[in-house]
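Notes to accompany the following structure.
Every number here is computed from the coordinates shown, using simple stated rules; none is lab data. Note that the structure is a prediction, hence the values are computed from the model and not measured. Cβ atoms come from the backbone with ideal geometry, glycine included; neighbour counts cover every protein chain shown.
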Amino acid sequence: MKTEVAIVGAGPAGLLLAHLLARGGVSSVVLETRSQDYVASRIRAGILEHSSVELLTEVGLGDRLHAEGHEHRGVYLQWPGERHHLDFVDLTGRSVWVYGQTEVQKDLVAAGTAEVIYEVTDTVLHDVATDAPYITYTDKSGESGRLDAAVIAGCDGSFGPSRHAVPARHYERTYPYSWLGILADVAPSTDELIYASHPNGFALHSMRSPTVSRLYLQVPNGTDPGEWPDQRVWDELATRLGHGQDGWKLTPGPITDKSVLPMRSYVQTPMRHGRLFLAGDAAHIVPPTGAKGLNLAIADVALLSRALTAWLRENNSRLADSYSDDALRRVWRCTHFSWWMTTMLHASGDEFDAQLQLSQLRWVTSSEAGATGLAENYAGLDIGF
Ligand code: FAS
Ligand code: PHB
């Protein structure tokens, strides 16, 4: 089989890249190791930054987002006895949208612009440094397959093969804590997200819809969700989120999903080797505190689709040659912001850290300059930043 761009991975990066390439008249085939249902069911990101919403809307993927998503002006930052709202629209003119990654994935599949071969195994990239790269794989019937392409896009996340095909420098920072995440069939107890710092640990009140809440608790690495029965989860969330503070109440409800998410920062450079280009989690991982993971994947493929279309349609390789440097500027900005939000809000057990955290929280909630710095990073910088 032959195509112009062979894409490994049918997550948001892979499917959006296929969609954007198709709009430019560039053909692609996507190879995915999981089933379509499995990929669509993974509970992950919940926030779309301003430029992600603009892009999805511009390329015909915004109808359900604008009908079912919820635009938020900002977030609350909280610590014991205090809660402050940061209004991103007042500060930067940019908002964010609550619209789950699962919904983005559904919209991408419904667009029907990606030719995907699901449930492949033994995916191996070959000759990526030549002008005739190809991929071999085994399809779900056990037949061997080969996909020849002009370019390979590695959109296969942090566990896929593509990143290993790039001779790279690796940067990594792990954190001494993880997140316990729950989905609950209960109306959110807040209109906008609450990021809470507490001596017991961080907590986040997010949501998916007017009837589904998404909440997280900082827990030690290696925590088994079984150690956290529902009542304990709600009691600890109430403590950390300030239940009873100024009359505010956290309303519990039936928990429908409970999982533990480890946290790390990871970047590998460069994001290109020969005719292999990496995008999304295949090249970088951020802790979810800054709500950047999905948005970075979207920004990468916005740049990559323009670069590959110019190269393959106009024989102009300028954007392809600068793709890695262009993408990494935003990757490092978002990596710093995600690290900063994580270290500012999570309890480390160290008293010096606790004072630094309190000072940062007081600064960003009292200084317009400080608040604007957080707002422009959270609501997102222009793609191509
Ligand atoms: P993905 O990992 O989404 O997609 C990669 C695809 O490649 C997968 O479908 C995989 O099956 C496929 N693949 C892997 N190996 C393959 C192979 N050998 N052959 C073919 N296909 C292969 N971000 C946030 O902003 N907020 C959050 O709350 C949040 N929560 C998260 C929770 C979890 C458990 C995880 C893992 C991530 C979370 N993220 C969150 C980050 C997440 O949203 C990613 O940033 C986003 O999925 C990146 O999209 P992709 O780059 O497409 O990678
Ligand atoms: C979510 O809703 O899943 C979510 C929101 C904001 C974050 C992380 C996760 O920073």
Exercise. Between Trp363 and His84, 0.36 nm times their residue separation minus their Cα-Cα distance comes to what?
Worked result: 99.3 nm
For this session: Using a 10 Å cut-off on Cβ atoms, rank the peptides 361-369, 187-195 from the highest mean neighbour count down.
Result: 187-195, 361-369
Problem set entry | Helix 230-241 vs. the chain, principal-axis angle (Cα, 0 to 90°, nearest 10) | 70
Exercise. Across every pair of different alpha-carbon atoms, what Kirkwood hydrodynamic radius in Å does the chain reach?
Worked result: 21.6
For this session: Please identify which residues in region 12-36 have an amide N closer than 20 Å to a label point set 7 Å out from the Cα of Asn315, following the Cα→Cβ vector.
Result: 25-27
Exercise. What is the helix-to-structure angle for 12-23, meaning the angle in degrees between its Cα long axis and the longest Cα principal axis of the chain, kept from 0 to 90 and rounded to the nearest 10?
Worked result: 50
Exercise. Angle between the Cα long axis of helix 351-364 and the longest principal axis of the chain, 0 to 90 degrees, nearest 10?
Worked result: 80
For this session: Taking the Cα centre of region 128-261 as origin, sum charge times position over the Cβ atoms of Lys and Arg (+1) and Asp and Glu (-1), and report the length of that vector in debye to the nearest 20.
Result: 220
Seminar exercise, completed: By Cβ neighbour count within 10 Å, fewest first, Ser27, Ser141 rank Ser141, Ser27
Problem set entry | Subset of Lys140/Lys292; Lys140/Lys258; Lys258/Lys292 violating a 23 Å alpha-carbon distance limit | Lys140/Lys292; Lys140/Lys258
Exercise. So for the pair Arg23, Glu172, with labels modelled 7 Å out along Cα→Cβ, what separation do we get in nm?
Worked result: 3.6
For this session: At 7 Å along the Cα-to-beta-carbon direction for both Arg333 and Asp185, put a label point, then send me their distance in nm to one decimal.
Result: 4.2
Seminar exercise, completed: Contour minus Cα-Cα span, His66 to Ser322, at 0.36 nm per residue, comes to 88.8 nm
Exercise. Which aspartates and glutamates have a Cα lying under 17 Å from the Cα of Lys249, excluding residues fewer than 8 positions away in the same chain?
Worked result: Glu82, Asp185, Asp191, Glu192, Asp235, Glu236
Problem set entry | Most to least packed among 254-262, 208-216 [average Cβ atoms within 10 Å] | 208-216, 254-262
Exercise. For a paramagnetic label modelled at 7 Å from the Cα of Asp122 toward its Cβ, which residues of region 143-187 fall within the zone defined by backbone nitrogen distances under 14 Å?
Worked result: 143-147
Seminar exercise, completed: Ranking Gly222, Val89, Val186 by how far each Cα lies towards the positive end of the charge dipole of the chain (+1 on Lys and Arg Cβ, -1 on Asp and Glu Cβ), the top one is Gly222
Exercise. If one puts a single equal scatterer on every Cα of region 229-370 and applies the Debye formula without solvent, what log₁₀ I(q)/I(0) results at q = 0.13, 0.17 Å⁻¹?
Worked result: -0.79, -1.03
